[in-house]
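J.: One structure is given below, represented as structure tokens, and several questions about it will come after.
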Amino acid sequence: MSMLEVKDLQVYYGVIQAFKQINYIVEQGDKLTDISRKVYGTEDMVSQICQKNNIENGDHICAGDKLLLP
């Protein structure tokens with residue numbers, strides 16, 4: 001089961017206004033393409049995830065790492 005952590009969620013009249021910070025905890029065997037597919041339904045967000053987390057080599061993520069998602 002994937003774990004997402006949401007902080008500073010603003011709600012306006014019951015509608016989600018903005019996510020200020022969404023963290024993803026990397027699981028054993030996760031790759032950035034897997035994470036992008038799980039969270040966004042597409043692999044197209046890998047470069048944005050790398051950019052947001054200053055990741056130069058996407059192969060160097062480890063179980064337990066906390067990634068900030070765009």
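J.: If I histogram all Cα-Cα distances within the range 18-70 using bins 5 Å wide from 0, what percent of pairs lands in each bin?
T.: Reading the bins upward from 0: 4, 22, 35, 29, 9, 2, 0.
J.: Sticking with this structure for a sec: Give me the net charge of THR33's neighbourhood, meaning all other residues with Cβ under 15 Å from the Cβ of THR33; Lys, Arg count +1, Asp, Glu -1. Can you show the working numbers first?
T.: Working: positive: LYS31, ARG37, LYS38; negative: GLU27, ASP30, ASP34, GLU43, ASP44, ASP59.
Value of the local net charge: -3.
J.: Highest mean first, what order results for 48-59, 24-35 on Cβ atoms within 10 Å? Can you show the working numbers first?
T.: On the way: 48-59: 12.5, 24-35: 15.6.
Most protected by this proxy first, the peptides run 24-35, 48-59.
Each value in this text was obtained by applying a stated rule to the coordinates, not by laboratory testing. Here the structure is a predicted model, which is why all the values come from computation and not from measurement. Because the Cβ atoms are built from the backbone with ideal geometry, glycine has one as well, and the counts that use them run over all protein chains shown.
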